[in-house]
Amino acid sequence: MNTIKIDRRKFLKLGMYTAGMSLTIGINLSCSDKIDESNTGNDKFQPNVWLRFTMHDGLTVIVSETEMGQGVYTSLPMILADEFCVDWLNIKIERASSNSVYGFQLTGGSSSAKKAWKTLREAGAIARELMISAGSQFMGVPNNECVAISGEVIHSGSDRKVKYTELLPIVSNIKVPEHVKVKDSSDFNIIGQSIPRIDVPSKLDGTAVYGMDVKLDGMVYATIAHCPYFNGALVSYDKTKAMAVDGVLDIFNINEGVVVIAKDTWSAFLGAKEAKIEWIDKGEKNLTDETIHDYVSTAKEENANNVLTKGDVDDLLSIGPSTSRQYTLPFQAHATMEPMNCTVAVTSDEVDVWAPTQSPSLAHNVAENEINSFSTFKIIDKVKKKIFKQNNNRIKIHTTLVGGGFGRRLQQDYVAEAVKIAKKIEKPVQLVWTREEDFHNDFYHPYSVHSMSGKLDEHGMPDTWKHFAKGVGIGKGNSAKIPYDIKNISIKAIDLKLDIKTGQWRSIAEHYHTFACEHFFDELVRQGNQDPLEMRLALLKQKQRLKNVLEIVADKSQWGKPNDSDFFQGVAVRSSFGSHVALVASLKLTGTSFKVSKITCAIDCGIAVNPNTVNSQVEGSVIFGLTAALKSRINVKNNKIVQSNYHNHRLLRINETPQIEVIIVKSQDEPGGVGEPAVPPVAPAIANAILMATGKGTPVLPIKL
């Protein structure tokens, strides 16, 4: 076991936050925002804000990460429960409130398990040691002769034992220890087990509550029509025709668009259609696919951010033969199955928001900004702060299950709109966007163009590498770094501005930079007639974990051993979000077209808290990556988004999904990310398989097989 020192006051009051974000398991704050630091009572054990143990309910854990299908409602409580030494079947889960004691809540960047690991282990270990102390006192035996197993304290010398529930009257008086030991990984009983997800049964029987499932007394329904142009304005709408639709109650405009209020969502949708809303395009540029590509591809290096420089790359490239390629990756929509929605109830002194959000804290901030424009609330806040010494706790964010996030629900535009509408109509309201509004008002995956150049030495080994990334919303390009041991490297990036909104998208910058890096690597080394997998192994000298997963996936995919002449393979690797992935795409040539027949993926994500969720997350990442690689893109024409629904924004279908084999590498390292690391290698692995088959590279996504 590893011994840790406990800051008791910090632990009791605030817990331990990581990088400005928190994963918290704690008390139920549905009735009160005050944290009870006492540990008194004969039927309750609450040593800190991370857990609650009672006579009737056993262990209850509260999770402040949003459940989007990734399994955090299961894997994170597993960490605490293992250290607390209780039976998994007796666990209960609650979603954290938006109280500031839980820190800044944001679920993204594949960070949930990474943030939780140390904090939840310590929380569970403290609770366990308090129970052991209480048990030794109860049995009148030395503390060091007792152990905790499955909710009981056992005296190893006599096999006497006492249940946690029997110790509740005693444990409340035990002082929190200054030092506590967390388990060695060899002693884990729950961590590392493939445990079925807690959230699945409710999704199967229909009792799961997503944003659109929220129902309030007296609630009305709303939708909003936004301007379809990137830079436009409202001209007019026909209120009479909209109000003639059965069920429509009102129509009005706010800064964000035209709002229709109705007795149900469908009537609101119909009312918006009948309103004959007219917009004007005020954009100075005519943005189309062609003009955007010209703008991005012709960007110059002079103003680019210098990410990495080793050697005199430009001079070396000017001498002798070299290889140059350019790759283009399009805008992509998130296309979540559950469209943007939010339910809000505003009273004279309280605002309740029910939102399928990835960040309750950001939702709280935008709600506060909206209601602070209402003078009555400002007065109430000033009185509370001056007289009662209270901060603003009247905004409550109730986070529901999420029907697809992928980074889109880190943006809180739909929350701000719902609060503004509820404040205006003075009734509880549920705002639901149409699918068309969802596609036209996304924060898209950035558009990027990558200019690549490289050279081989006399042995066919890459010795010069240049990557110039240009794009809309790509930032400083830090993710363009490569894992390979190449002598001379130049990486630059320039972030360009347009009126088109961009944002986080599953694996974010890792997606487009990995495609450019991994596909160009194959194009470059094949100029020297080298095996791209063997070349990777040779150049991953300093990246042992990445090299290890590559060796594993080569073996599992039977790299280089095709069963017929129409069978082709491509490989790609990436370390991202604290994990390491190698992926092989196997393609079958049928006639004149290819089909992806199998994806083999090995991941080293450190300790796999729940292999069941790791496997599911990797499979989901592969399918998400396949859609982006083969199917979807966002087109722009006349300053508007072309795609409007799933008929012209295609997703991978079940019958198109290849066999997916996931290999989870055993590791003793702390957990890394899982939800995103397998997305980036998918597209370049497929492109590399096509390169193997045809000798031709893939300059543009999506790939046409």
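The values are calculated or read from the model by the stated rules, or taken from the named source; none is laboratory data. In this text the structure is predicted, and so the values were computed from the model without any measurement. Positions of Cβ are generated from backbone atoms using ideal geometry, with glycine treated the same way; all protein chains shown enter the neighbour counts. To get the accessible areas, we keep the full protein, side chains included, count just its heavy atoms, and leave off ligands, DNA and RNA. Shrake-Rupley method; radii C 1.70, N 1.55, O 1.52, S 1.80 Å.
In table form, for the structure just shown:
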| item | result |
| --- | --- |
| Condition met for Lys487 (under 27 Å from the mean Cα position of the chain (by Cα) and either on the phi > 0 side of the Ramachandran plot or not aromatic (Phe, Trp, Tyr) (or both)) | no |
| Residue among Leu287, Leu270 that alone is under 34 Å from the mean Cα position of the chain (by Cα), in a loop (DSSP other than H, G, I, E, B) and modelled with pLDDT of 95 or more | Leu287 |
| Scan of segment 651-664 for residues that are farther than 23 Å from Gly108 by Cα, assigned to a loop (DSSP other than H, G, I, E, B) and in contact (Cβ under 8 Å) with a residue 40 or more places away in the chain, ordered by number | Pro658 |
| Yes/no for Asp604 being touching a helix residue (DSSP H, G or I) at 6+ places or on another chain (Cβ under 8 Å), at pLDDT 95 or above and of a type in the set (Asp, Glu) | yes |
| Residues of segment 173-183 classified as at pLDDT below 95 and assigned to a loop (DSSP other than H, G, I, E, B), total | 6 |
| Any hit, segment 262-278, residues being exposed (fewer than 15 other Cβ atoms within 10 Å of the Cβ) and under 29 Å from Leu498 (Cβ atoms) | yes |
| Residue count for segment 99-115, restricted to those that are out of contact with any Asp or Glu (no Cβ under 6 Å at 6 or more places or on another chain) and modelled with pLDDT of 90 or more | 9 |
| Yes/no for Leu524 being open to solvent by less than 10 Å² (accessible area, probe 1.4 Å), under 26 Å from the mean Cα position of the chain (by Cα) and either of a type in the set (A, V, I, L, M, F, W, C) or modelled with pLDDT of 95 or more (or both) | no |
| Residues that are charged (D, E, K, R) and open to solvent by 20 Å² or more (accessible area, probe 1.4 Å), drawn from segment 303-353 | Lys310, Asp312, Asp314, Asp315, Arg325, Asp349, Glu350, Asp352 |
| Residue pairs meeting the criteria (Cβ under 7 Å; at least 6 apart or on separate chains; first within 15 Å of Asp184 (Cβ to Cβ), in segment 117-135; second of a type in the set (D, E, K, R) and not in a helix (DSSP H, G or I)) | Trp117/Glu670; Ala125/Lys181 |
| Filtered residue count, segment 147-159, keeping only those that are open to solvent by 10 Å² or more (accessible area, probe 1.4 Å) and modelled with pLDDT of 95 or more | 8 |
| Qualifying residue in segment 76-86 (condition: part of a strand (DSSP E or B) and either modelled with pLDDT of 95 or more or in contact with a Phe, Trp or Tyr (Cβ under 6 Å, 6 or more places away or on another chain) (or both)) | no |
| Index of the failed condition, Thr119 passing every other in (1) more than 15 Å from Leu80 (Cα to Cα); (2) not in a loop (DSSP other than H, G, I, E, B) | (1) |
| Residue in segment 287-300 that is touching a helix residue (DSSP H, G or I) at 6+ places or on another chain (Cβ under 7 Å) and surrounded by fewer than 20 Cβ atoms within 10 Å (Cβ to Cβ) present | no |
| Elements of type strands (runs of 3 or more DSSP E) contained in segment 551-627, each with 2 or more residues being open to solvent by 20 Å² or more (accessible area, probe 1.4 Å) and either basic (Lys, Arg) or closer than 30 Å to Gly192 by Cβ (or both) | 579-590, 593-604 |
| Close pairs from segment 528-552: first under 13 Å from Leu583 (Cβ atoms), partner of a type in the set (Ser, Thr, Tyr), Cβ under 9 Å, at least 6 apart | Arg536/Tyr484; Leu546/Ser575 |
| One residue from Ile251, Ile198, Ile261, Ile224 being part of a loop (DSSP other than H, G, I, E, B) and either within 30 Å of Trp117 (Cβ to Cβ) or not acidic (Asp, Glu) (or both) | Ile198 |
| Check on Tyr17, open to solvent by 10 Å² or more (accessible area, probe 1.4 Å), modelled with pLDDT of 85 or more, more than 18 Å from Tyr164 (Cβ to Cβ) and hydroxyl-bearing (Ser, Thr, Tyr) | no |
| Filter pass, Lys203 being over 23 Å from Glu370 (Cβ atoms), in contact with a helix residue (DSSP H, G or I) (Cβ under 9 Å, 6 or more places away or on another chain) and part of a helix (DSSP H, G or I) | no |
